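Only one structure is covered here, and it is reproduced in the block below.
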Amino acid sequence: MALPPSDTPLYNHPLPDIEDWLRTQGCQQDEADLHRWHVKKTTWEADLWLEVDSLTVRYIGAAEDGRDIQRSFKYSLSRKDLDEVVFSGP
């Protein structure tokens, strides 16, 4: 399945395409809570939630004091922009 162009806002992506995009980024879907995803990279890990109007990301233990850092990004951002802000890490 081909994804829409990377400069397309995420709200113009069908849900299966969003899920495929998350999988290509190394995310794993929570089997019990299907709108929740987890990703683990070399230097950080995060939980992601597909909310009604935004993608919420919680970087686990990423703050200097060890607390989580949480950010939300509107679906009006392009997939390319979200790749850069979400998957570059905290």
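Assorted remarks:
- With the simple model of a label 7 Å out from the Cα in the direction of the Cβ, Ala32 to Leu3 spans 2.9 nm.
- Each residue, Gln70 and Leu15, gets one label point 7 Å from its Cα in the Cβ direction; the gap between the two is 2.3 nm.
- Added length on full extension, which subtracts the Cα-Cα distance from 0.36 nm per residue, Ile60 to Asp83: 6.5 nm
- Checking [x] 1.22; [y] 1.14; [z] 0.95 against Rg/Rh (Cα atoms, Kirkwood Rh) calculated from these atoms, the matching label is [z].
- Tilt relative to the chain, helix 15-24 - C-alpha long axis, 0 to 90 degrees, to 10: 50
Each reported figure results from applying straightforward, stated rules to the coordinates on display, with no laboratory input. Computed from a prediction, not measured in an experiment: that's the story for all the values here. Virtual Cβ from ideal backbone geometry, glycine too; neighbours counted across all protein chains shown.
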